Amino acid sequence: MKLPEHIRNRIRELSSIRGNIDKHAADKIIRSNVYFRGPTVWILAFSIVIASVGLNVNSTAVIIGAMLISPLMGPIIGIGLATGTNDIDLFRDSAWNLLIMVGISLLASTLYFMLSPLSLANPTELEARTTPSIFDVLIALFGGAAGILELTRKEKGTVLSGVAIATALMPPLCTAGYGLSRLNMHFFLGAMGLFLINTVFIAFASFVGVKLMGFKDKAYLDAGRQVRMRRIILCILLAVMIPSLLTAFQIVKRNNFEIDARAYVVASRSLSKAYIYDHKIDSRKRSVEIHYAGDPLTDSQKEMLMIRASEYGIPVKNLKIGNISLKDVDLGERISSMHEREEARFATQEAEIMMLRSSLDSLRKMVENITPAVQDTL
């Protein structure tokens, strides 16, 4: 069904960005935000410490505040502009400044966690930054697109602040610093992987935006040098993008496996007078462990579990089934195990309550600050 002409014209008018962008001003802003020196160094260090404190005490409000003042976005957008305009000098400067920022961030967060007297039994905010998901890829892509549009439009707003919060560049660096301070490679490598994914896809979205909006390529006096620069930047872009795309593909596969595995556990939670009392899902190894308590499982029940595992995409060789009889388990041992699980659950709930209280306090203070201004306006 074809839309009427006046509706199509209205849609084009609403969606067109050509008359609302200033590429020359955007180019100057992006280049000025690339360089990292003087007060910017201290602002980054202070914001990293603030974010580390927020992660250390599981305070979402503090983490958001730190992300708002962080200058990390500048060099990443600069890399996107450099690749989109074949500017090897800008690319080199952006990459160098980004490396310096990462180094300072890791140093500040590592020192903080080494010296901090605070220790959490259940560091949920830190743990959440060690496992990248497909949502992180999507947030980085669309966040980068929003960021480059904000920098190019004539009427500047608060979009960059939202992009800084959504793409969450700082918390992974703080978590990596935590990993270094504890010599924990799980935290360090997982957090750096998340940071790299965010960085690459923000830069890629900026690159696409620069190309679509028609930024002018950098002119070289030597035509041969211009071709060489274009090839060098293309090779660098491919060298970074291909591993990141493969990583994103693996993340999608792991997410899908975990969803299917959880559905399998739910579907298999009870068999006759046996029930699942514990399970473990490892999406990296594509393996599932389920442990039943109650009556012993028959051979036919085990075979049925294996057939069902195949239906949910779980390799039978990676399925481990355990079975214990409640009569064979000491009552005191069962009570102790239940007590430990309840303690872990209460610790998680307590951390969530602390986060919610902190968020409510921040919102209350924000409302208290805004209310006088609104009353003066009225």
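The values are calculated or read from the model by the stated rules, or taken from the named source; none is laboratory data. Remember, it's a predicted structure, so these values are computed and weren't measured experimentally. Virtual Cβ from ideal backbone geometry, glycine too; neighbours counted across all protein chains shown.
Worth pointing out:
- For beta carbons closer than 6 Å, sequence separation of 6+ or different chains, a first residue in the range 57-79 that is farther than 30 Å from Lys211 by Cα and a second that is surrounded by fewer than 21 Cβ atoms within 10 Å (Cβ to Cβ) and polar (S, T, N, Q), the qualifying pairs are Asn58/Thr124; Ser59/Ser358; Thr60/Ser359; Ala61/Ser358; Ala61/Ser359; Ala61/Ser362.
- Total residues in the range 151-184, condition in a helix (DSSP H, G or I) and at pLDDT below 80: 9
- Checking the range 280-287 against the condition returns no match, with no residue being surrounded by 12 or more Cβ atoms within 10 Å (Cβ to Cβ), in contact with a strand residue (DSSP E or B) (Cβ under 9 Å, 6 or more places away or on another chain) and over 30 Å from Thr247 (Cβ atoms).
- One residue from Ser270, Ser310 being at pLDDT below 85 and not basic (Lys, Arg): Ser270
- Filter result for Arg129 (crowded, with 18+ Cβ neighbours inside 10 Å and among the basic types (Lys, Arg)): yes
- Of residues in the range 190-203 being among the hydrophobic types (A, V, I, L, M, F, W, C) and out of contact with any Ser or Thr (no Cβ under 8 Å at 6 or more places or on another chain), the one surrounded by the fewest Cβ atoms within 10 Å (Cβ to Cβ): Met192
- Only one of Ile104, Ile64, Ile50, Ile76 that is within 24 Å of Ile251 (Cβ to Cβ) and buried (at least 16 other Cβ atoms within 10 Å of the Cβ): Ile76
- Residue in the range 46-61 that is modelled with pLDDT under 80 and of a type in the set (Phe, Trp, Tyr) present: no
- Search result, residues across the range 242-272 that are part of a loop (DSSP other than H, G, I, E, B) and exposed (fewer than 13 other Cβ atoms within 10 Å of the Cβ): Ser272
- Residue count for the range 73-91 under the criterion of being in a helix (DSSP H, G or I) and farther than 22 Å from Met170 by Cα: the result is 7.
- Of the residues screened, Ile259 is not one that is touching a strand residue (DSSP E or B) at 6+ places or on another chain (Cβ under 9 Å), under 26 Å from Phe135 (Cα atoms) and of a type in the set (A, V, I, L, M).
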